Amino acid sequence: MENKKKNTGIDNTGENNSGNGNSGNWNSGYENSGNWNSGYWNSGNGNSGNWNSGDGNSGNWNSGDRNSGNGNSGNWNSGNRNSGNGNSCYENSGNWNSGYWNSGNGNSGNWNSGDGNSGNGNSGDRNSGYGNSTNRSSGIFCSEEETVRMFNKPTNLKWEEIDHPHFNEFYLNKWISEDEMTDEDKKADPEFYVRKGCLKTYTWKEAWANFWRDTSEENRQKFLNLPNFDSEIFEEITGIKVNQLQSLSGKTVKVEIDGISYEATIK
């Protein structure tokens with residue numbers, strides 16, 4: 001008959017426990033029926049918190065896994081009482097929310113059933129206002145999606161109708177490996193050799209200059225083709241100087257054909 005390995009704690013029916021009263025194994029905490037717990041009264045495994053039926057929790061009363069918050073049935077929550085996953089605040093049934101009481105996902109606002117809202121109480125998505133059932137509204141209790149203002153002027157276009165450029169090469173912080181660091185970078189961060197590089201922070205307009213240099217010509221042209229494009233406003237915001245003549249999109253021009261004058265707006 002195989003012998004059980006010894007417990008250094010007392011009143012354990014499990015094996016290899018340094019804590020007391022455990023029916024599970026390898027527990028340094030007390031009264032655990034699960035295994036590898038440093039906390040107390042866990043039926044789950046690998047918990048440093050208490051009263052968890054889930055695994056890997058540093059918080060308490062979690063039935064989900066790997067929560068640092070308390071009372072979560074979801075996983076990876078640092079907030080409390082979430083049934084969703086990856087929430088940093090409280091009582092969300094949705095996922096990855098930093099706000100409270102959301103059934104939607106990725107909200108920094110509160111009480112949203114939609115996704116990606118910074119405002120409150122929205123059933124639509126990506127709203128900064130509140131009480132909206134539509135999307136991308138900065139207004140209050142709107143049910144119709146707004147058209148987009150561009151370069152300080154209105155357009156008749158909704159967000160999805162615009163050919164947007166991408167910002168893939170835009171960064172305000174960027175990790176620079178040791179072999180890419182300049183002498184100036186190394187002087188500014190003399191302990192770079194420990195980390196094998198440094199995290200470099202750029203100002204807003206430095207980041208734009210880097211982005212404009214690194215992105216493709218096709219993507220640069222998408223900026224210039226945006227409706228209402230205004231080179232002075234673009235330079236004011238980004239620091240980038242461009243030739244206004246590179247894009248006539250949104251402009252009204254007059255032409256004369258066979259003695260008859262016409263006006264047309266260029267798409």
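Placing +1 on the Cβ of every Lys and Arg and -1 on the Cβ of every Asp and Glu, with nothing else charged, gives the chain a dipole about its Cα centre of roughly 580 debye.
Extension gain for the segment residue 191 to residue 144, taken as residue separation times 0.36 nm less the Cα-Cα distance, is 11.5 nm to one decimal. Among beta bridges from DSSP that stay inside the chain, the antiparallel ones total about 95%. With both labels modelled 7 Å from their Cα along Cα-to-Cβ, the residue 205 to residue 255 distance reads 3.9 nm. Among 185, 65, 55, the residue with the largest mean-square fluctuation in a Gaussian network model of the chain, with springs joining Cα atoms closer than 10 Å, is 185. Working note: Karplus 6.51/-1.76/1.60 with θ = phi - 60° gives the range 30-44 the couplings 10, 6, 9, 9, x, 10, 6, 9, 9, x, 10, 6, 9, 9, x Hz, where Gly and Pro are set to x.
With the cut-off at 27 Å, tell me which of the pairs 200/241; 205/254; 153/200; 196/241; 174/222 have Cα atoms farther apart than that. In this structure, 205/254; 153/200; 196/241 lie more than 27 Å apart at Cα. Here's how it looks for residue 95: its modeled amide H is under 5 Å from those of 85, 105, 106, which are all 5 or more places away or on a different chain. Centroid-to-centroid, using Cα positions, the range 44-70 and the range 148-189 are 39 Å apart. Among 155, 203, 13, the order by Cβ neighbours within 10 angstrom, fewest to most, reads 203, 13, 155. Using a simple spin-label model with points 7 Å from Cα along the Cα→Cβ vector, what separation in nm is obtained for residue 243 and residue 213? If labels sit at residue 243 and residue 213, their model points lie 2.2 nm apart. Between the amide H of residue 197 and those of 178, distances stay under 5 Å, these residues lying 5 or more places away or on another chain, with hydrogens modeled in the peptide plane.
Rounded to the nearest whole angstrom, the semi-axes of the ellipsoid equivalent to the chain, taken from the Cα gyration tensor as √(5λ), stand at 57, 28, 12, largest first. Counting every other Cβ atom within 10 Å of each residue's Cβ, 234, 151 order from fewest to most as 151, 234. Taking R0 as 45 Å, what FRET efficiency do you get between residue 263 and residue 78 from their Cβ-Cβ distance, rounded to the nearest 0.05? Computed FRET efficiency for residue 263 and residue 78: 0.15. Placing dummy labels 7 Å off each Cα toward the beta-carbon, the span from residue 168 to residue 180 is 1.6 nm.
Note on residue 160/residue 28: beta-carbon distance plugged into 1/(1 + (r/R0)^6) with R0 of 45 Å gives a FRET efficiency of 0.20.
Values quoted throughout were computed directly from the atomic coordinates according to the rules given, and no laboratory measurement underlies them. Note that the coordinates shown come from a computational prediction; the quantities given were computed from them, not determined experimentally. Note: ideal-geometry Cβ built from the backbone for every residue, glycine included; neighbour counts use all protein chains shown.
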